[in-house]
1. Only one of (1) surrounded by fewer than 16 Cβ atoms within 10 Å (Cβ to Cβ); (2) free of Cβ contacts under 8 Å to residues at least 40 places away in the same chain; (3) of a type outside the set (A, V, I, L, M) fails for N10. Which number is that?
2. Just a yes or no: is a residue in the range 69-92 charged (D, E, K, R) and open to solvent by less than 70 Å² (accessible area, probe 1.4 Å)?
3. When you check F390 against the structure, is it outside any loop (DSSP other than H, G, I, E, B), out of contact with any strand residue (DSSP E or B) (no Cβ under 6 Å at 6 or more places or on another chain) and surrounded by fewer than 19 Cβ atoms within 10 Å (Cβ to Cβ), yes or no?
4. Say whether the condition of being part of a helix (DSSP H, G or I), over 24 Å from P306 (Cβ atoms), open to solvent by 10 Å² or more (accessible area, probe 1.4 Å) and of a type in the set (A, V, I, L, M, F, W, C) is met by at least one residue in the range 336-353.
5. Within the group T112, T116, T215, T128, which residue is more than 16 Å from the chain's Cα centre (by Cα) and within 30 Å of A345 (Cα to Cα)?
6. Is it true that some residue in the range 36-50 is in a helix (DSSP H, G or I), open to solvent by less than 50 Å² (accessible area, probe 1.4 Å) and among the aliphatic types (A, V, I, L, M)?
7. Hey, among the residues in the range 174-199 that are out of contact with any Phe, Trp or Tyr (no Cβ under 9 Å at 6 or more places or on another chain) and assigned to a helix (DSSP H, G or I), which one's most open to solvent (accessible area, probe 1.4 Å)?
Amino acid sequence: MTKKLINTANKKLEKICLSIITLGIYLTLFTPLIVSRSSFFPFVTPKTVYFRVIIEVIFAFYLILAIWFPRYRPKLNLLSISILLFMGVFFLTSYLGINPNRSFWSTFERMTGGFTMLHLLAFFFILTSVFKKREDWEKILSVSIMAGLLLCFHILTGSSLSARGGGTIGNTSFMAAYLLFDFFFALILFLERKTTEGKIFPGVALAIFFPILMTSTARGAIVATFTGLFLFFLGYLFLSGDKKLVKIGILLILSLIILGVVAFMWKASLIEEKFNVLLQQMNSRFVVWSQAWQGVLERPIFGWGPENFNVVFCKFFDPCLFTRKCGGEVWFDRVHNIAFDTLIASGVVGLISYSFMYFSTIIVLLKTYLKEKENLYSFIGIAVLLIIYFFQNLLVFDMISSYVVMFLSFAFADFLI
């Protein structure tokens, strides 16, 4: 009788913890929508505080689950080890950097220091340890898509220019980077679901996300979207198992190469002119990248510590930034290039660990699919999403809104493998 009462109590405890954790995870996915005009940085500080508070609450309930029920304890694999490695390097280089305090706490303008990283790490392990069913992940991705749709509605109905540009995220580039994830989440659900009813929600989401992305003026995200769709199609051709489709994929690649060469030879002057215009528009970025490179050469192995580019920027300041030629913008606390940002923050060691997260995840996803031959669209979608997000980040950097869906993607990849 006592054993039965204990089992009943354990089941109730498990149910309560799971309900609170599930609700909390859903709420974290609405982080991009949080704005407070009373804050000095209304698009950053409220979001990060909101995310942290929810993670701290649900992490307490997760600890109860992990202590009482061994099946909820984290299980390590190559993907989770790569994330732990990245986090370990992040904190090591924070300690070895020039301002460990700033590296850990960050600034109110960014709030992407070590304290936030600990919350993102907890977010990842809660997702991977608790949600182990396909239907759980379909619900999670659907909630993220819903948050993206609410952001789009705000952009479409916003009266101010800034609202139309970045919505509740406040910056066009960050908004487009975030929507890139929800776009591919919707594409995965649309293709994976078998019934017409199941396809309606992700189909409508795709129809809304695509024009918002295309009119966002964020060139990196726009190019990433088209590149991602092309890679997705190629992935389907090569991984479908149909030899005819593989041949079509090879012919498609060869045709594009030939067309590209012909177009360049035919319109070489026009292409060069467009390219030069683009380079002129990016003059300020090139100047800042040059400053960053000087900083990298001075501290190449472990960098200057996360959140410390402001020191490098001032030390190697280029007066050209005062001029119209270089954009006239005279303050940067980020390099606006994830490779240089990571090199400045954590050196070569940091860039290797950051890249390894992406590389190992994509490799394991492909190996798992080739072994199991199931959920083709999910495997291709997440692999392609991580590839294009990494490259579009060569023109921007991570913020809390993109971090949430980035770690969500890593967790979904962990579920798939």
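The values are calculated or read from the model by the stated rules, or taken from the named source; none is laboratory data. This one's a predicted model, so the numbers in the text were calculated from it and none came from an experiment. Neighbour counts run over all protein chains shown; Cβ positions are idealised from the backbone, glycine included. Heavy atoms of the whole protein, side chains included, go into the accessibility calculation; ligands, DNA and RNA do not. Shrake-Rupley method; radii C 1.70, N 1.55, O 1.52, S 1.80 Å.
1. Going through the list (1) surrounded by fewer than 16 Cβ atoms within 10 Å (Cβ to Cβ); (2) free of Cβ contacts under 8 Å to residues at least 40 places away in the same chain; (3) of a type outside the set (A, V, I, L, M), N10 breaks only (2).
2. Taking the range 69-92 first, the residues charged (D, E, K, R) are 71, 73, 75.
Next cut, open to solvent by less than 70 Å² (accessible area, probe 1.4 Å) only: none.
No, that holds for no residue.
3. no
4. Of all residues in the range 336-353, those part of a helix (DSSP H, G or I) come to 338-353.
Then keep just the ones that are over 24 Å from P306 (Cβ atoms); that gives none.
For the range 336-353, residues part of a helix (DSSP H, G or I), over 24 Å from P306 (Cβ atoms), open to solvent by 10 Å² or more (accessible area, probe 1.4 Å) and of a type in the set (A, V, I, L, M, F, W, C): absent.
5. Values: T112 fails: more than 16 Å from the chain's Cα centre (by Cα); T116 fails: more than 16 Å from the chain's Cα centre (by Cα); T215 fails: within 30 Å of A345 (Cα to Cα).
Result: T128 is the single residue among T112, T116, T215, T128 that is more than 16 Å from the chain's Cα centre (by Cα) and within 30 Å of A345 (Cα to Cα).
6. Restricting attention to the range 36-50, the residues satisfying the condition of being in a helix (DSSP H, G or I) are 45-50.
Subsequent filtering for residues that are open to solvent by less than 50 Å² (accessible area, probe 1.4 Å) retains 45-48.
Checking the rest, the ones that are also among the aliphatic types (A, V, I, L, M) come to none.
Taking every residue of the range 36-50 in turn, none turns out to be in a helix (DSSP H, G or I), open to solvent by less than 50 Å² (accessible area, probe 1.4 Å) and among the aliphatic types (A, V, I, L, M).
7. Here the residue is E197.
Results for (1) polar (S, T, N, Q); (2) out of contact with any helix residue (DSSP H, G or I) (no Cβ under 7 Å at 6 or more places or on another chain); (3) in a loop (DSSP other than H, G, I, E, B), shown as yes or no for each residue.
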| site | (1), (2), (3) |
| --- | --- |
| V89 | no, no, no |
| Y95 | no, yes, no |
| I98 | no, no, yes |
| N101 | yes, yes, no |
| T116 | yes, no, no |
| H119 | no, no, no |
| A122 | no, no, no |
| F125 | no, yes, no |
